[in-house]
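Got a structure here, written out as C-alpha cells. Questions coming.
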Amino acid sequence: MSSKTGLLTAVHLANITSTLAATRKYALGTLYLQLHPRFQDVAKPNAFSKFIATVYQSSPKVLGPGVDLRILISSLKSKEIVPVNRRIDYLFSDYCLDSHRDGLDVARFYPGASVIELGTQPFSIDANGLTDSSETYKNVVLGGTFDRIHAGHKVLLSQAALLAEDRLVVGVTDENMIKSKKLWELIMPTERRIEDVRAFLEDVDRTLRYEVVPISDPFGPTATDPNMDLIVVSTETARGGAKVNELRAKNGLNQLRVRTIDLLDDELTEEDKEDKISSSNMRMDLLGTRLKPRDLKPHLSPKPYIIGLVGGVAAGKSKMAERFAKLGAGVIDCDKIAHELYEPGEDCYQTVINNFGVGILNEDKTIHRKALGAIVFSDPDKLDLLNTILWDAILERTKLRIKEIYEKQNKQIIIMEAAVLLRAGWQNACHEIWSCIIPREEAIQRLMDRNGLTEEEADKRIKAQVSNTELVQNSDIVFCTAWSYEYSQKQAEKVWTDLVEELKLKL
C-alpha cells in the first residue's frame, strides 16, 4: 500500500465523486476529506450525515479499495483548522484558489506539501442536498466488533461523533463474543481493534472525549453507566437498543434514545460474499493471501521450496493439494506415507502391534486402521503413543520423497500435506506453513456424510486435533473451503501466482 497522504478541502458537494476520482492518479494510501469551515454558516454538523454515508459507501469503488478515506468531522465543528497529526504530501482543493482568499492558509500546517487544484470552479459553498440537522446529545454510546476498520464502521463511528456533544463511548467485543462470526479466527485481537477505533476517532474529530473499552456481553457499560443519553445501532443490531433499555429500566437508569444507522451496500461484492460492506467480506479477502512476511529459513535449501499444508479432518486440504498439483507443484501426502509404514515388513508395523495388540489386525495381518483409530481417538495418551512411534519415521521418509521428486521431476515447489505437521513439530522442515480451516459445525457434518460417523464420534475426532485458532496463528497462508468450488479455486490461484512471482520461478 502507498504511504502517500492527501488532504482535500471541498466546497462543491455535488461534484465530490468526480473530485475524489481525480485523486486516484496520485497513488495515495490515505486521503483526508475536509469540508470547508464556512459550511458551519449554513448547516449544523449532523446535517452532513447522509453526505458522509454516501461518500464512504462509494469510496472503495471511486478511490480504489486500497485507499483509506477519512472525512474530518473537526472541520464541521471548529472554525479553526484542526490539523491532522501526520505528514501530508498533497493538498487538494476542488475550487480555484485564486477565486477566494478564505484565510484558511492550510499550507502553513503542512510544509513541503504539493498544492493541487482539482477543480477550476470558483469558490462557493454548495449546501444542496444536506439533510435537516437533528438533536445532539451530551453522551453517546455504541458497540461492535470493529475488525479491520472499513467504510461501514467509519459511517457508524462518524454518525455517533456527529450526534455527540461531549463524550463518545465505544464498546468493542472481546474474544468471548466473536465466535459466531464468519472466519472469527482471523479477527484481530481485542487490543488492536480498540486501538484502531480510538485512532480513527481521534483522527477525524478531536473535539470529543472518547472511552473505547472491551465488552464481554451485549450490554457493556450501558448496563451501569447513568451518564448516557443516546445509543447508536445499525439496522442489523437494532433490537439491541431495546434490550439495553429493558436492562437499564431494571437497573433504575434512564432510557436511552436510539438512533439506527443503515448498513452500506457493498458495490464491489461478488458471489459467495455478503451484499453489505462487512468485516466478514474483508476476512474472506485474506484467504489465499500472505498473513505475515515471508520468513527466510537459511537452514533449508532454497530449492525445492517446501510448503507444509495442514488442516483439520474434512477441512478440504487434500482437494487443495490437488489444485496445487494441477498448477505445477509436487505433492506428498504424509498420510499415505503413514499407511506405508503400517505395512508388514516396515519397522513401525511390529512396534504398533506390540503397543496396541493383535486386536487391531485384519485377517490378512494388515493393520485395521479404523480399529486403531477407534482406540487412539478415544484416549489422548494412546494417541500420543502412536504419534511418537510414527512421526519421526514419516518425516524421514517424506524428506526422501522430496529429494526424489525434485531430482527426477524438477518440481520447484513441493507441497507436503500433513494433518499432524504442527503437533509433530515439523515446521522447520518447511519454508512456509499453509492451512485449511472450516467451521466446526461444517467439519462435523462432512465427517458424518463422508465417513458415516455419528455426531458424537465426529466431535471427538475434531476435539482431538489442532484447533483452527492454533492453525491460523502458525500459518503464513490460510484457506477456507466452506464456500463454492470456484471460490476455493480462486484462493489457490491467488497464492500460487503470488508465490511464483516472489520466487521468480519459471514453471
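The values are calculated or read from the model by the stated rules, or taken from the named source; none is laboratory data. Treat the numbers as computed from the prediction; the structure is a model and nothing was measured. Don't worry about glycine lacking a Cβ; one is built from the backbone with ideal geometry, like all the others, and counts go over all protein chains shown. Surface areas here come from the heavy atoms of the whole protein model, side chains and all, with no ligands, DNA or RNA. Shrake-Rupley method; radii C 1.70, N 1.55, O 1.52, S 1.80 Å.
Just the residues that are of a type in the set (D, E), surrounded by 15 or more Cβ atoms within 10 Å (Cβ to Cβ) and modelled with pLDDT of 95 or more, please, taken from region 229-278.
Within region 229-278, just D229 meets the criteria.
Sticking with this structure for a sec: I need the full set of residues from region 119-152 which are more than 27 Å from the chain's Cα centre (by Cα) and open to solvent by less than 10 Å² (accessible area, probe 1.4 Å), in order please.
Restricting attention to region 119-152, the residues satisfying the condition of being more than 27 Å from the chain's Cα centre (by Cα) are 119-140.
Within region 119-152, V140 is the sole residue that qualifies.
Can you tell me how many residues within region 455-479 are out of contact with any helix residue (DSSP H, G or I) (no Cβ under 7 Å at 6 or more places or on another chain) and part of a loop (DSSP other than H, G, I, E, B)?
Selection size over region 455-479: 4.
Another question, if that's okay. Answer yes or no: is there a residue in region 196-213 that is out of contact with any helix residue (DSSP H, G or I) (no Cβ under 8 Å at 6 or more places or on another chain) and modelled with pLDDT under 95.
No; the residues of region 196-213 include none that is out of contact with any helix residue (DSSP H, G or I) (no Cβ under 8 Å at 6 or more places or on another chain) and modelled with pLDDT under 95.
In the set N354, N362, N281, which member is of a type outside the set (A, V, I, L, M, F, W, C), without any contact (Cβ under 8 Å) to a residue 24 or more places away in the chain and open to solvent by less than 10 Å² (accessible area, probe 1.4 Å)? Show your work before the answer.
Values: N354 fails: open to solvent by less than 10 Å² (accessible area, probe 1.4 Å); N362 fails: open to solvent by less than 10 Å² (accessible area, probe 1.4 Å).
Answer to the selection: N281.
Now for a different question. With respect to H368, is the statement that it is in contact with a strand residue (DSSP E or B) (Cβ under 8 Å, 6 or more places away or on another chain) and surrounded by fewer than 20 Cβ atoms within 10 Å (Cβ to Cβ) true?
Numbers: in contact with a strand residue (DSSP E or B) (Cβ under 8 Å, 6 or more places away or on another chain): yes; surrounded by fewer than 20 Cβ atoms within 10 Å (Cβ to Cβ): yes.
Answer is yes for this residue.
If I filter region 427-450 for residues that are without any contact (Cβ under 8 Å) to a residue 40 or more places away in the chain and over 27 Å from the mean Cα position of the chain (by Cα), do I get at least one hit? Walk me through it before giving the result.
Filtering region 427-450 for residues without any contact (Cβ under 8 Å) to a residue 40 or more places away in the chain gives 440-441, 444-445, 448-449.
Next, from what is left, pick out any that are over 27 Å from the mean Cα position of the chain (by Cα): 448-449.
Scanning region 427-450, I find at least one residue that is without any contact (Cβ under 8 Å) to a residue 40 or more places away in the chain and over 27 Å from the mean Cα position of the chain (by Cα), so the answer is yes.
Among the residues of region 7-26, are any part of a loop (DSSP other than H, G, I, E, B) and either in the same structural domain as L156 (by the TED database) or surrounded by 20 or more Cβ atoms within 10 Å (Cβ to Cβ) (or both)? Reasoning before the result, please.
Taking region 7-26 as the starting set, the residues that turn out to be part of a loop (DSSP other than H, G, I, E, B) are 11, 22-23.
Cutting the leftovers down to either in the same structural domain as L156 (by the TED database) or surrounded by 20 or more Cβ atoms within 10 Å (Cβ to Cβ) (or both) gives us 11, 23.
Within region 7-26, one or more residues are part of a loop (DSSP other than H, G, I, E, B) and either in the same structural domain as L156 (by the TED database) or surrounded by 20 or more Cβ atoms within 10 Å (Cβ to Cβ) (or both).
Go through region 36-75 and give me each residue that's part of a loop (DSSP other than H, G, I, E, B) and either open to solvent by less than 20 Å² (accessible area, probe 1.4 Å) or not basic (K, R) (or both).
In the first step, residues of region 36-75 are kept if they are part of a loop (DSSP other than H, G, I, E, B); the result is 36, 42-44, 64-67, 72-73.
Passing the criteria: H36, V42, A43, G64, P65, G66, V67, L72, I73.
If you don't mind, there's one more thing I want to ask. Tell me, please, whether a residue that is open to solvent by less than 50 Å² (accessible area, probe 1.4 Å), over 21 Å from Y137 (Cα atoms) and outside any loop (DSSP other than H, G, I, E, B) can be found in region 76-91. Explain how you work it out, then say what you get.
Applying the first criterion (open to solvent by less than 50 Å² (accessible area, probe 1.4 Å)) to region 76-91 yields 76, 78, 81-84, 88-91.
When the remaining residues are screened for being over 21 Å from Y137 (Cα atoms), the result is 81-84, 88-91.
Within this subset, residues satisfying the condition of being outside any loop (DSSP other than H, G, I, E, B) are 90-91.
Within region 76-91 (the criterion being open to solvent by less than 50 Å² (accessible area, probe 1.4 Å), over 21 Å from Y137 (Cα atoms) and outside any loop (DSSP other than H, G, I, E, B)), the answer is yes, since at least one residue qualifies.
Among the residues of region 107-133 satisfying the criterion of being touching a helix residue (DSSP H, G or I) at 6+ places or on another chain (Cβ under 6 Å) and in a loop (DSSP other than H, G, I, E, B), which is farthest from Y26 (Cα to Cα)?
S133
Hey, any hits in region 330-343 for a residue that's open to solvent by 70 Å² or more (accessible area, probe 1.4 Å), more than 43 Å from the chain's Cα centre (by Cα) and either assigned by the TED database to the domain that holds L395 or more than 25 Å from D384 (Cβ to Cβ) (or both)?
Here is the first cut: in region 330-343, the residues open to solvent by 70 Å² or more (accessible area, probe 1.4 Å) are 335-336, 343.
Pick out the ones that are also more than 43 Å from the chain's Cα centre (by Cα) and you get 343.
The next check asks that each one be either assigned by the TED database to the domain that holds L395 or more than 25 Å from D384 (Cβ to Cβ) (or both); those that pass are 343.
Yes, region 330-343 contains at least one residue that is open to solvent by 70 Å² or more (accessible area, probe 1.4 Å), more than 43 Å from the chain's Cα centre (by Cα) and either assigned by the TED database to the domain that holds L395 or more than 25 Å from D384 (Cβ to Cβ) (or both).
Among all residue pairs at least 6 apart or on different chains, which show Cβ distances below 6 Å where the first residue, located in region 305-320, is in contact (Cβ under 8 Å) with a residue 60 or more places away in the chain and the second is assigned to a strand (DSSP E or B) and of a type in the set (G, A, S)?
V310/S435; G311/S435; K317/G311
Okay, next question. Output the residue which, of all residues in region 153-205 that are in a loop (DSSP other than H, G, I, E, B) and of a type in the set (A, V, I, L, M), is farthest from the chain's Cα centre (by Cα).
Step one: filter region 153-205 for residues in a loop (DSSP other than H, G, I, E, B), giving 174, 178-183, 187-189, 205.
From what's left, of a type in the set (A, V, I, L, M): 178, 183, 187-188.
On the way: I178: 13, L183: 8, I187: 6, M188: 7 Å.
That would be I178.
Can you tell me which condition A482 does not meet? The list is (1) open to solvent by 60 Å² or more (accessible area, probe 1.4 Å); (2) part of a loop (DSSP other than H, G, I, E, B); (3) touching a residue at least 40 places away in the same chain (Cβ under 8 Å), and all the others hold.
All conditions pass for A482, except number (1).
When you look at Q489, is it of a type outside the set (F, W, Y), within 30 Å of N281 (Cβ to Cβ) and assigned to a helix (DSSP H, G or I), yes or no?
On the way: of a type outside the set (F, W, Y): yes; within 30 Å of N281 (Cβ to Cβ): yes; assigned to a helix (DSSP H, G or I): yes.
So Q489 passes the test.
Mind checking whether some residue in region 219-226 is in a loop (DSSP other than H, G, I, E, B), under 25 Å from L201 (Cβ atoms), open to solvent by 70 Å² or more (accessible area, probe 1.4 Å) and modelled with pLDDT of 90 or more?
Of the residues in region 219-226, the ones in a loop (DSSP other than H, G, I, E, B) are 219, 224-226.
If we keep only those that are under 25 Å from L201 (Cβ atoms) too, we end up with 219, 224-226.
Then keep just the ones that are open to solvent by 70 Å² or more (accessible area, probe 1.4 Å); that gives 224, 226.
From what is left, the residues that are modelled with pLDDT of 90 or more are 224, 226.
Looking through region 219-226, at least one residue is in a loop (DSSP other than H, G, I, E, B), under 25 Å from L201 (Cβ atoms), open to solvent by 70 Å² or more (accessible area, probe 1.4 Å) and modelled with pLDDT of 90 or more.
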